[in-house]
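Notes to accompany the following structure.
Here, each number is a calculation from the coordinates, and none is a lab measurement. This structure is a prediction, so every number in the text was calculated from the model and none was measured. Positions of Cβ are backbone-derived with ideal geometry, glycine not excepted, and every protein chain shown enters the neighbour counts.
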Amino acid sequence: MTTAQTRQELDVQPTPLALLLLGREADPRSERGVECPGDLPLPSDPDLVERARAAKEKLGDKVFVLGHHYQRDEVIQFADVTGDSFKLARDAAARPEAEYIVFCGVHFMAESADILTSDDQKVVLPDLAAGCSMADMATAEQVAECWDVLTEAGIAEQVVPVSYMNSSADIKAFTGKHGGTICTSSNAKRALEWAFSQGEKVLFLPDQHLGRNTAVRDLGMTLEDCVVYNPHKPNGGLTAEQLRDAKMILWRGHCSVHGRFNLDSVNDVRERIPGVNVLVHPECKHEVVSAADYVGSTEYIIKTLEAAPAGSKWAIGTELNLVRRLANRFADEGKEVVFLDRTVCFCSTMNRIDLPHLVWALESLADGSLVNRIEVDKETEAFAKLALERMLALP
Ligand code: SF4
């Protein structure tokens with residue numbers, strides 16, 4: 001039986017946005033395309049490490065390489081600094097002598113770096129197909145339509161938008177324009193407290209789980225205080241009355257990596273490893289967060305493990321590249337660190353930044369060719385910056 005026959009019989013349609021293999025060509029159906037002009041080195045090239053080192057050395061202080069926590073080891077080894085997206089964007093802004101910021105992360109992170117760095121600094125994303133499925137779940141058009149729905153329901157004036165860092169520059173700009181703020185997974189509580197001091201309701205974009213977990217766990221709301229706005233349904237699938245009764249209007253978005261963990265993952269690991277501490281990211285579902293022992297951002301996860309006593313056991317619910325690195329790092333200190341789930345859970349878009357793409361980007365820059373620049377237009381940048389500045393000013 002051929003693959004096509006199998007599909008036909010099972011009535012399975014190929015996904016309209018299937019990922020391309022290590023993008024060597026443009027795909028018009030993919031929002032950003034995946035073209036890499038020039039020669040993309042082969043992954044099998046034995047000289048990749050040496051080539052990356054040589055190109056970086058040639059560029060010297062002109063280049064600053066940022067590595068998000070979820071990046072592959074082969075890429076992280078070349079990062080001048082590692083961290084979460086906001087820390088990295090700020091680190092880049094603090095290095096004005098670096099003309100090129102090579103962001104080993106995903107598209108919205110490179111946009112944030114462009115917003116926060118000076119006009120002289122150029123941000124480069126080694127593979128333009130490194131997007132974020134969560135950020136892509138809220139488009140500018142959908143959010144504008146949602147605002148119309150809130151206006152028609154007579155509540156827009158009471159609503160303050162709060163957008164997670166993991167959102168496009170367009171969504172950050174919408175947030176800034178409508179009096180809202182950005183938040184990270186570390187300061188979501190403070191951002192919500194501020195928002196509720198400014199208005200009666202919050203529109204939380206785009207991660208419903210972070211919004212719900214923060215509202216219920218940290219602000220003492222009930223699940224009934226939250227409604228989910230589905231951009232694929234007329235009026236978000238909500239009545240005007242439901243919108244008027246809600247305190248938290250959660251956008252129906254989620255992280256495809258953290259959304260995979262479920263209650264079974266927690267129960268299963270507790271059975272397999274008696275005495276294990278379950279530590280998860282707040283992008284996980286509410287049922288997972290409720291069953292965990294500790295909940296917090298990637299920085300919190302790292303700090304918690306650093307402070308943990310020797311002999312302790314930890315099951316971590318976050319991206320696998322980071323968990324694997326932490327497991328190796330803390331093994332010597334006698335701390336057992338395992339991945340929360342039995343199945344593999346990499347972030348496929350983060351993983352698109354691999355050594356061949358990094359080498360290609362660095363060598364192109366070293367040869368004087370600026371590739372894969374991420375540039376946010378001035379108007380979007382101004383409003384997005386406003387929302388980011390409100391976050392920086394949070395009490
Ligand atoms: S881990 Fe989730 S939120 Fe982070 S880049 Fe991947 S899909 Fe987006």
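Numerical summary
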item: Among ILE249, ILE273, ILE76, residue whose mean-square fluctuation peaks in a GNM of the chain (springs only between Cα atoms under 10 Å); result: ILE273
item: Cβ-placed point charges (K, R +1; D, E -1), dipole of region 175-279 about Cα centre in debye, nearest 20; result: 260 debye
item: At 1.306 mPa s and 10 °C, Stokes diffusion of region 136-253 via Kirkwood alpha-carbon radius, µm² per second; result: 116 µm²/s
item: Amide hydrogen neighbours beyond the local backbone of ALA315, cut-off 5 Å, H modeled; result: ASN277, VAL278, LEU279, VAL338
item: Size of charge dipole - the chain - debye, nearest 20, with Cβ of Lys, Arg +1 and Asp, Glu -1, no other charges; result: 800 debye
item: Residues whose placed amide H lies under 5 Å from that of LEU250, excluding near-sequence neighbours; result: PHE204, VAL227, VAL228, TYR229
item: Listed residue (HIS232, GLN242, PRO274) projecting farthest to the positive dipole end of region 210-296, Cβ model; result: HIS232
item: Inter-label distance, nm, simple model (7 Å from Cα along the C-beta direction), SER369/ASP61; result: 2.8 nm
item: Gaussian network model of the chain, springs between alpha carbon atoms under 10 Å - residue of LYS201, LYS233, LYS247 with greatest fluctuation; result: LYS233
item: Share, in percent, of DSSP beta bridges within the chain that are antiparallel, nearest 5; result: 5 percent
item: Mean Cβ neighbour count within 10 Å, used as a protection proxy, ranking 40-46, 144-150, 210-216 highest first; result: 210-216, 144-150, 40-46
item: Ranked list, fewest to most other Cβ atoms within 10 Å of each Cβ, for TYR164, TYR70; result: TYR70, TYR164
item: Where only C-alpha atoms are counted, convex hull volume of the chain per residue in Å³; result: 170 Å³
item: Leading residue at positive end of dipole, the chain (Cβ point charges), from LEU205, ALA130, HIS357; result: LEU205
item: Calculated [θ] (222 nm, deg cm²/dmol) that DSSP helices of n ≥ 4 give over the chain, each run adding -39,500 (n - 2.57); result: -11000 deg cm²/dmol
item: Difference of contour (0.36 nm per residue) and Cα-Cα distance, GLU299 to ARG324; result: 7.5 nm
item: Restraint check, LYS233/LYS285; LYS62/LYS172; LYS172/LYS385, Cα-Cα greater than 19 Å; result: LYS233/LYS285; LYS62/LYS172
item: Cross-link pairs LYS58/LYS378; LYS189/LYS303; LYS122/LYS189 - those with Cα-Cα distance over 26 Å; result: LYS58/LYS378; LYS122/LYS189
item: Cα convex hull volume per residue for region 262-339 (Å³); result: 76 Å³
item: Taking the convex hull of Cα positions in region 270-395, its mean projected area over all directions (nm²); result: 12.0 nm²
item: Estimated dipole of region 238-356 in Debye, rounded to 20 [Cβ of Lys and Arg +1, of Asp and Glu -1, Cα centre]; result: 140 debye
item: Net lengthening on full extension, THR343/THR139 (0.36 nm per residue, minus Cα-Cα); result: 70.4 nm
